[in-house]
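Enquirer: Mind having a look at this structure? Questions to follow.
The values are calculated or read from the model by the stated rules, or taken from the named source; none is laboratory data. None of these values were measured; they are calculated from a predicted model. Cβ sites come from the backbone with ideal geometry, for glycine too, and all protein chains shown count toward neighbours.
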Amino acid sequence: MTIQTMLLTMGSGMLKTCGIFILSLIFSLPLGMVVCFLRKSKNKFVSNVTRFFISVLRGTPLMLQLMVWYFGPFYLFQWSIRTWRFPALIVGFSINYAAYFAEIYRGGIESMAIGQYEAAEVLGYTKTQTFFKIILPQVIKRVLPAVTNEVITLVKDTSLAFTLAYQEVFSISKQIASKENSLIPFVVAGVFYYVANYVVAFVMERIEKRLNYYK
Amino acid sequence: MNILTMKNIEKSFGDLQVIKNVSLSVDNGEVVSIIGPSGSGKSTLLRCATFLETIDSGLIKYEDKIAVQNDENGVARYVPQKELKNIKRVFGLVFQQFNLFPHFSVIKNVTDAPISVQKRNKDEVKEEAMGILKKMGLEDKADAYPYQLSGGQQQRVAIARALAMNPDILFFDEPTSALDPELTGEVLKVIRQLADEKMTMVVVTHEMPFARAVSDRVIFIDGGVIVEEGDPEIVLGNPTKERTKQFLKNYQR
């Protein structure tokens, strides 16, 4: 196999990796906010159930969760899972990361000074206005470094898709490496992941800088 | 007419009763100062008046609108949220810690609530806000962010923010207590200016000379009860109650 075909094959795998990454991020970031609200719910039942699910999602291997999401429908309902591979990955990653994001958001929201709520209340803002205009923008700024950490981890965690035999860059590099008896595919994969995370870090840093107009 | 009427207010935190049967009314154009040692309940009283704390028993009325009164069992019942929201328009509150919105510029801090809460015209609000900022000596700070301002400037922005809502009565909760001594003057000057314009105000403060100069009435609170109230010259200059004398003596030391 020439180095060109190898790069080309792995490049197409990298596109699939990016697909998992972007979709998982798009779903998990807002879903995390929903989970955060459920966790903070005044209804004890809702908040306890949410707390339990967060603890399971954080307390078991993501690899295992992916297996359950993928094979679950077949074992439980005998459904055909032929077209379920990619959706199962997105569901698994999104829900797992939402659990982490929820706790990060919660920390951010709870670190807000009570005075911000009181000032908004006296000025007559509704609860919704207070959250979206006053609280959330400040929370986003506060949690950004922690969110960046998770996003970088997600880039690398996409490699777990190989457990469901999804042909992303890590699976492909493994196959080429064993076929060609070569370490080069792993090195290439490493470079791909590193470059992707370099871009992620760069973008997140830009966002952080843009939010630096106040303290 | 009384703008604020509070009658027989009772408030406890758990087993600790912090307000004991306090009644207080504030007339239109009146400036009332509330003094007292820390933990005396003066801030709590202000927080009850602005609905940041709920009272256990008693009556609170703004102008002729009742916000809360006792039911037949003597337990305070608030009017529905919607009515309460209408009543809230009557007053403004300036906090000890300013509580400006750090992500809003000065002008946005002042204009956002009139625009997004009161739904008033943007240009009109902005023009009025610039006028208020000018009065506060802050017209050149309109585009600054709170962190770029001194404490005294931040507190003046907070006063401007409250004024932009056109309240009929303005509460101050120890407005200078979080400031360096050299910055208290500029905030007190602004409050004094408002007093000259006949703004109705209730000020919880530790600044005795200020209270004496500005107030129409001074209230001394200790242990959750009003110990003495009346003309500032009398309460602060020649109090009749032993507890007031003691407090003022400790204060001067």
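Enquirer: Just name the residue that is nearest to A:VAL122 (Cα to Cα) out of those in region B:119-149 that are charged (D, E, K, R) and touching a residue at least 24 places away in the same chain (Cβ under 8 Å).
Expert: B:GLU128
Enquirer: Of the numbered conditions (1) surrounded by fewer than 21 Cβ atoms within 10 Å (Cβ to Cβ); (2) within 14 Å of another protein chain (Cβ to nearest Cβ); (3) of a type in the set (Lys, Arg), B:LYS65 fails exactly one; give the number of that condition.
Expert: Just one mismatch for B:LYS65, condition (2).
Enquirer: Any residue at all in region B:137-146 that is closer than 25 Å to B:THR200 by Cβ, away from every other protein chain (no Cβ under 13 Å), among the aliphatic types (A, V, I, L, M) and touching a Pro at 6+ places or on another chain (Cβ under 8 Å)?
Expert: Within region B:137-146, none of the residues are closer than 25 Å to B:THR200 by Cβ, away from every other protein chain (no Cβ under 13 Å), among the aliphatic types (A, V, I, L, M) and touching a Pro at 6+ places or on another chain (Cβ under 8 Å).
Enquirer: In region B:117-127, how many are surrounded by fewer than 17 Cβ atoms within 10 Å (Cβ to Cβ) and within 12 Å of chain A (Cβ to nearest Cβ)?
Expert: 2
Enquirer: Determine whether B:ASN28 is exposed (fewer than 14 other Cβ atoms within 10 Å of the Cβ) and in contact (Cβ under 8 Å) with a residue 40 or more places away in the chain.
Expert: yes
Enquirer: Can you tell which of B:ASN99, B:ASN109 is within 20 Å of A:GLN116 (Cβ to Cβ), among the polar types (S, T, N, Q), buried (at least 19 other Cβ atoms within 10 Å of the Cβ) and at the interface with chain A (Cβ under 8 Å from one of its Cβ atoms)?
Expert: Being within 20 Å of A:GLN116 (Cβ to Cβ), among the polar types (S, T, N, Q), buried (at least 19 other Cβ atoms within 10 Å of the Cβ) and at the interface with chain A (Cβ under 8 Å from one of its Cβ atoms) holds for just one of B:ASN99, B:ASN109, which is B:ASN99.
Enquirer: On to the next question. Which of the residues spanning region A:127-139 are under 15 Å from B:ALA113 (Cβ atoms) and at the interface with chain B (Cβ under 9 Å from one of its Cβ atoms)?
Expert: Hits for region A:127-139 are A:GLN129, A:LYS133, A:ILE134.
Enquirer: Filter region B:1-18 down to the residues that are buried (at least 16 other Cβ atoms within 10 Å of the Cβ) and hydrophobic (A, V, I, L, M, F, W, C), then identify the one that is nearest to B:VAL75 (Cα to Cα).
Expert: Filtering region B:1-18 for residues that are buried (at least 16 other Cβ atoms within 10 Å of the Cβ) and hydrophobic (A, V, I, L, M, F, W, C), the one nearest to B:VAL75 (Cα to Cα) comes out as B:ILE9.
Enquirer: Okay, moving on. B:ALA164 - would you say it is farther than 30 Å from B:GLY39 by Cα, within 11 Å of chain A (Cβ to nearest Cβ) and surrounded by 18 or more Cβ atoms within 10 Å (Cβ to Cβ)?
Expert: When the stated conditions are applied, B:ALA164 passes them.
Enquirer: Now for a separate question. So which residues in region A:1-31 are free of Cβ contacts under 8 Å to residues at least 24 places away in the same chain and either assigned to a loop (DSSP other than H, G, I, E, B) or more than 17 Å from A:SER171 (Cα to Cα) (or both), if there are any at all?
Expert: A:THR2, A:GLN4, A:ILE22, A:ILE26, A:PRO30
Enquirer: Condition first: surrounded by 23 or more Cβ atoms within 10 Å (Cβ to Cβ) and either part of a loop (DSSP other than H, G, I, E, B) or more than 9 Å from every other protein chain (Cβ to nearest Cβ) (or both). Now tell me which residues in region B:80-94 satisfy that.
Expert: B:VAL94
Enquirer: Could you tell me whether A:GLY124 is outside any helix (DSSP H, G or I) and either under 18 Å from A:PHE27 (Cβ atoms) or within 14 Å of chain B (Cβ to nearest Cβ) (or both)? Steps first, answer last, please.
Expert: On the way: outside any helix (DSSP H, G or I): yes; either under 18 Å from A:PHE27 (Cβ atoms) or within 14 Å of chain B (Cβ to nearest Cβ) (or both): yes.
Here the answer is yes, as A:GLY124 does meet what is asked.
Enquirer: I want to confirm something. Restricting to region B:184-220 and keeping residues that are more than 12 Å from B:GLU30 (Cα to Cα) and of a type in the set (S, T, N, Q), which single residue is nearest to the chain's Cα centre (by Cα)?
Expert: Filtering region B:184-220 for residues that are more than 12 Å from B:GLU30 (Cα to Cα) and of a type in the set (S, T, N, Q), the one nearest to the chain's Cα centre (by Cα) comes out as B:THR205.
Enquirer: Does at least one position in region B:150-158 carry a residue that is touching a residue at least 60 places away in the same chain (Cβ under 8 Å), crowded, with 21+ Cβ neighbours inside 10 Å, more than 26 Å from B:LEU248 (Cβ to Cβ) and of a type in the set (Gly, Ala, Ser)? Can you show your working first?
Expert: Here is the first cut: in region B:150-158, the residues touching a residue at least 60 places away in the same chain (Cβ under 8 Å) are B:155, B:158.
This time we only want the ones that are crowded, with 21+ Cβ neighbours inside 10 Å, so: B:155, B:158.
Checking the rest, the ones that are also more than 26 Å from B:LEU248 (Cβ to Cβ) come to B:158.
From what's left, of a type in the set (Gly, Ala, Ser): B:158.
Yes, region B:150-158 contains a residue that is touching a residue at least 60 places away in the same chain (Cβ under 8 Å), crowded, with 21+ Cβ neighbours inside 10 Å, more than 26 Å from B:LEU248 (Cβ to Cβ) and of a type in the set (Gly, Ala, Ser).
Enquirer: For region A:156-200: of the residues being loosely packed, with under 14 Cβ neighbours inside 10 Å, hydrophobic (A, V, I, L, M, F, W, C) and under 24 Å from the mean Cα position of the chain (by Cα), which is nearest to A:PHE86 (Cα to Cα)?
Expert: Only one residue fits best here, namely A:ALA165.
Enquirer: Further, regarding this structure: Out of A:ILE109, A:ILE152, which single residue is of a type in the set (A, V, I, L, M) and closer than 30 Å to B:ASP112 by Cα? Let's see the steps before the verdict.
Expert: Details: A:ILE152 fails: closer than 30 Å to B:ASP112 by Cα.
Of A:ILE109, A:ILE152, the one residue that is of a type in the set (A, V, I, L, M) and closer than 30 Å to B:ASP112 by Cα is A:ILE109.
Enquirer: Now, a different point. Given the structure, is B:LEU45 surrounded by 18 or more Cβ atoms within 10 Å (Cβ to Cβ), modelled with pLDDT of 95 or more, more than 11 Å from chain A (Cβ to nearest Cβ) and within 21 Å of B:ILE226 (Cβ to Cβ)?
Expert: yes
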